[in-house]
Amino acid sequence: MKVLAITSCPSGVAHTYMAAEALEVAAKAKGWDVKVETQGSIGIENEITMSEVADADIVILTKDIAIKNEERFAGKKIVRVGVADAVKKAPQIMDKIEAHLAQA
């Protein structure tokens, strides 16, 4: 399973990076490949490439603030989560994604 995620929060500071780390840890705990792009106060870091988009099974986007360049993910399965949920409930988010994909 290849997971991409973009995290961003209104202030672009702590929660952006806390969410990125939590999602990365939770996806890796499932044995999934994961890459997380952050869109914080210092700009875009760890930018996702179009090649990575093409290979992705699912894309996780935080929904508290608009994601830059979101059109890259047209046609992909997208899950939108609050940045606080990404920080606090990343393992549960991965469980729900796994259950949903198992039904597909």
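The values are calculated or read from the model by the stated rules, or taken from the named source; none is laboratory data. Quick caveat, the model's predicted, so the values are computed rather than measured. Heads up, the Cβs are rebuilt from the backbone with ideal geometry, glycines too, and the neighbour counts pull from every protein chain shown.
Looking for something more than 17 Å from A19 (Cα to Cα) and part of a loop (DSSP other than H, G, I, E, B) - is there at least one such residue anywhere in the stretch 89-100?
no
Could you check the stretch 68-85 and list, in sequence order, the residues that are outside any helix (DSSP H, G or I), within 11 Å of the chain's Cα centre (by Cα) and of a type in the set (A, V, I, L, M)?
Within the stretch 68-85, the subset outside any helix (DSSP H, G or I) is 68-69, 74-82.
Now narrow it down to the ones that are within 11 Å of the chain's Cα centre (by Cα): 78-82.
Scanning the stretch 68-85 gives I78, V79, V81.
Looking at (1) of a type in the set (D, E, K, R); (2) at pLDDT 95 or above; (3) surrounded by 13 or more Cβ atoms within 10 Å (Cβ to Cβ), find the lone condition where D64 falls short.
(2)
With the structure loaded, tell me whether E71 is out of contact with any Pro (no Cβ under 8 Å at 6 or more places or on another chain), surrounded by fewer than 16 Cβ atoms within 10 Å (Cβ to Cβ) and free of Cβ contacts under 8 Å to residues at least 40 places away in the same chain or whether it fails that test.
For E71, the condition - out of contact with any Pro (no Cβ under 8 Å at 6 or more places or on another chain), surrounded by fewer than 16 Cβ atoms within 10 Å (Cβ to Cβ) and free of Cβ contacts under 8 Å to residues at least 40 places away in the same chain - is met.
So, T49, is that one polar (S, T, N, Q) and over 16 Å from E21 (Cα atoms) or not?
So T49 fits the description; yes.
With the structure loaded, tell me whether A54 is more than 12 Å from the chain's Cα centre (by Cα), of a type outside the set (F, W, Y) and under 20 Å from L101 (Cα atoms) or whether it fails that test.
yes
In the stretch 43-61, which residue that is loosely packed, with under 14 Cβ neighbours inside 10 Å and of a type outside the set (D, E) is farthest from K76 (Cα to Cα)?
For the stretch 43-61, the residue satisfying everything is G43.
Please work out which residue is surrounded by the most Cβ atoms within 10 Å (Cβ to Cβ), limiting yourself to the stretch 5-42 and to residues that are in a helix (DSSP H, G or I) and of a type outside the set (A, V, I, L, M). Give the steps one after another, and end with the answer.
So in the stretch 5-42, the residues in a helix (DSSP H, G or I) come out as 14-29.
Then keep just the ones that are of a type outside the set (A, V, I, L, M); that gives 15-17, 21, 24, 28.
On the way: H15: 22, T16: 27, Y17: 17, E21: 15, E24: 18, K28: 13.
Restricting to residues being in a helix (DSSP H, G or I) and of a type outside the set (A, V, I, L, M), the top hit is T16.
Might you check whether a residue that is among the hydrophobic types (A, V, I, L, M, F, W, C) and exposed (fewer than 14 other Cβ atoms within 10 Å of the Cβ) occurs anywhere in the stretch 91-101? Outline the logic, then answer.
To start, the set of residues in the stretch 91-101 that are among the hydrophobic types (A, V, I, L, M, F, W, C) comprises 93-94, 97, 99, 101.
Retained after the next criterion (residues that are exposed (fewer than 14 other Cβ atoms within 10 Å of the Cβ)): 99, 101.
Yes, that holds for at least one residue.
Hey, any hits in the stretch 49-63 for a residue that's assigned to a loop (DSSP other than H, G, I, E, B) and in contact (Cβ under 8 Å) with a residue 40 or more places away in the chain?
Yes, the stretch 49-63 has at least one match.
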